[in-house]
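A short write-up of the structure that comes next.
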Amino acid sequence: MQKRAPGAERRGGLPRFLVLYAALYGAYGVLSPILPGFLAARGLTPAEIGLLLAAAGALRLGIGPLAGAFADRHRAGRSILAASLALAGLSTLAHLPGVGLAQLIAPALLYAVGTAAPAPLADALALAAARGGAAFQYGWIRGAGSAAFIAGTAAAGWSIGIFGLAAALVASGGLFLAAGASALALPADRARTTRAGAPWHGFAALIALPRFRRTVLVAALVIGAHAMHDGFAMILWRSAGIAPATAGLLWSVSVAAEVLVFLLVGPPLLARIGPAAGVAAAACAGAVRWAVLGSTTAISWLAAVEALHGVSFALLHLACLGLIEATTPADLRTTALALYGTLGLGLSGVAATLASGALYGSFGASAFWAMAALSLAALPLVPGLRDR
């Protein structure tokens, strides 16, 4: 049998990763905006919806790192990713016949299990395939995922207007299943060795790495500061008399900037300045962004700082992934990404969201200054991120 030329599998991996990320983030984009509304339409009270979503979030925080550790120990990233996505798709479809909390709690919790690990697992496989930059860069496929999320959100609004809320669940479930099938076709990272021991040994080994700890902490601070924007920017703009269509355009500016940085600007910029400087730039961009939102609702200023989302989020994410790849052992890479997603993104987002509600309720727009301070708190950690 003829052997494939060196690098052929990696070159062929780019289309496969594009399909995976488009299906995965498209599924999230279709489902995320309408899931609470679907639950309400099926008879759940606001308190029950909050309880269900909180339980699902807590379950993800526990399952994600365990799935990453299992994938590292058994070199089973593709298999775990495919199984997770299949569970996500089937549990999404299992919502359809349910009415009331008793019938919907099992599909909701299974959906939480299925969606706990796909993002870090996919990122670990993508970073391994793109290592060295000869075939493609991670930002290309992550940018495609962000674009698919936007398209999925737009498609959800169109489909439910014609076919009802259930159509979005059917579309999302199908996309998750398609992503699961595409995961099985991904190139494997055969160069890695495996590490024996219980999962918590890997957690302890990673937490003992100072640069990894700092990377997770700066992500928690800078990305956590986005929580107030995600929860209250639209409320603030509408209370200031900004029309819904204009508010939607402002939000679109931020997402377009995210895609632009992932696809084009971020990778060459970080190659030039390094990931530590990228973190510093993201923290400063976030601080400027939240300070402006806390000071004015002038459309021109809002449009300008919404474009900073490409730096405050996308550039930070690329920089953190670069730091994780540079500072963690290859046989713990998936575990490291799962911890980064759980602690740096997930848990910090939950805590900042809870704090944002209280702050905005007490101080209104001025509460965004607290998010500016949170972003700036990451700057003292930057010197410790540099490679010594």
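The values are calculated or read from the model by the stated rules, or taken from the named source; none is laboratory data. Values in this document were obtained by computation on a predicted structure and should not be read as measured data. Ligands, DNA and RNA are excluded from the accessible area calculation, which covers all protein heavy atoms including side chains. Shrake-Rupley method; radii C 1.70, N 1.55, O 1.52, S 1.80 Å.
With a 1.4 Å probe and every protein chain left in place, work out the accessible area per residue of the range 37-178 in Å², rounded to a whole number. Mind dumping the intermediate values first?
Numbers: 5600 Å² over 142 residues.
For the range 37-178, the solvent-accessible area averages 39 Å² per residue.
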- [ ] Find how many whole Å separate the alpha carbon centroid of the range 234-310 from the alpha carbon centroid of the range 21-88.
- [x] 27
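Roughly how many Å² is the accessible area per residue of the range 221-369, as a whole number, for a 1.4 Å probe? Kindly include the intermediate steps, with their values, before the conclusion.
Details: 5540 Å² over 149 residues.
Counting only protein heavy atoms, the per-residue value for the range 221-369 is 37 Å².
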TODO: Output the DSSP H helices from the chain with an along-axis C-alpha extent of no less than 15 Å and a mean Kyte-Doolittle hydropathy no less than 0.5.
DONE: 8-31, 46-74, 77-94, 101-114, 118-129, 138-163, 165-183, 210-224, 244-260, 275-293, 316-327, 348-363
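Under the definition of Cα pairs under 8 Å and six or more residues apart, what whole-number percent is the relative contact order of the range 47-158? It would help to have the intermediate numbers written out before the result.
Numbers: 80 pairs, mean separation 34.0, N = 112.
Once divided by the residue count of the range 47-158, the mean separation gives 30 percent.
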Open item on the list: Give me the tail of P(r) for the range 222-362 as a percent: Cα-Cα pairs with distance above 17 Å.
Closed with: 63
Open item on the list: Could you report the accessible area of Ile235 in Å², rounded to 10, computed with a 1.4 Å probe on the protein chains as they sit in the structure?
Closed with: 90
- [ ] Could you please state how large a percent of the accessible area of the chain is carbon and sulfur, counting protein chains only and using a 1.4 Å probe?
- [x] 70
TODO: Over the residues of the chain, compute the C-alpha Rg and express it relative to 2.2 N^0.38 Å.
DONE: 0.97
TODO: With N set to the residue count of the range 8-110, report its C-alpha Rg divided by 2.2 N^0.38 Å to two decimal places.
DONE: 1.27
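Top to bottom by accessible area (1.4 Å), largest first, where do Ile80, Ile105 land? Spell out each step's value before the answer.
Details: Ile80 35, Ile105 70 Å².
Ranking Ile80, Ile105 by accessible area, largest first, yields Ile105, Ile80.
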Task: Whole-number percent relative contact order across the chain, with pairs defined as alpha carbons under 8 Å at least 6 apart - done: 25
Open item on the list: I need to check one value: relative contact order of the range 282-366, counting alpha carbon pairs closer than 8 Å and at least 6 residues apart, in percent.
Closed with: 31
